[in-house]
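The values are calculated or read from the model by the stated rules, or taken from the named source; none is laboratory data. Given the structure is predicted, the values throughout are model-derived calculations rather than measurements. Cβ placement follows ideal geometry from the backbone for every residue including glycine, while neighbour counts extend to all protein chains displayed.
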Amino acid sequence: MTRGLIIAAAVLLAGAASAETVGELHENELKAIDANNDGFLSKDEFDAFSDYAFQEMDDDKNGTLGLDEAKPFLDIKQFQDVDRNNDSFISRAEYDAQMNADFSSADKDGNGQLD
Ligand SMILES: [Ca+2]
Ligand SMILES: [Ca+2]
Ligand SMILES: [Ca+2]
């Protein structure tokens, strides 16, 4: 199991050090993302969090993540997985595609919410 971007982003947001899967995210990390505190992570909340995490990682605000920007959060293998066209940058489109894939795979019962 590879750590998805969703985990890297949660690590960034909440300072979690050890989560490997969404299921291993601790309550505190989920709380930081769960804007309305209903105990579920909706796609809207997820998208807001995803957007925030991208802005935070994009140090030079050029709309793409270079290796240097992503390095604190992703290892090289993860970076290459997300960088689908192998141009050594993670574009916003590549990032969103990966985040959406992570959300879908974490949403095991397909109800559009993570719990
Ligand atoms: Ca919620
Ligand atoms: Ca950048
Ligand atoms: Ca790319």
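The C-beta contact set for region 46-57 (first residue farther than 15 Å from G112 by Cβ, second residue of a type in the set (D, E), distance under 6 angstrom, 6+ apart or interchain) comprises M57/E69. Is it the case that region 70-81 has a residue that's within 16 Å of ligand 1 (Cβ to nearest atom) and either touching a helix residue (DSSP H, G or I) at 6+ places or on another chain (Cβ under 9 Å) or touching a residue at least 60 places away in the same chain (Cβ under 8 Å) (or both)? Checked region 70-81: no residue is within 16 Å of ligand 1 (Cβ to nearest atom) and either touching a helix residue (DSSP H, G or I) at 6+ places or on another chain (Cβ under 9 Å) or touching a residue at least 60 places away in the same chain (Cβ under 8 Å) (or both).
For the condition of a type outside the set (S, T, N, Q) and at pLDDT below 95, K71 qualifies.
The number of residues in region 37-95 being within 16 Å of ligand 3 (Cβ to nearest atom), charged (D, E, K, R), more than 20 Å from S105 (Cβ to Cβ) and in a helix (DSSP H, G or I) comes to 3.
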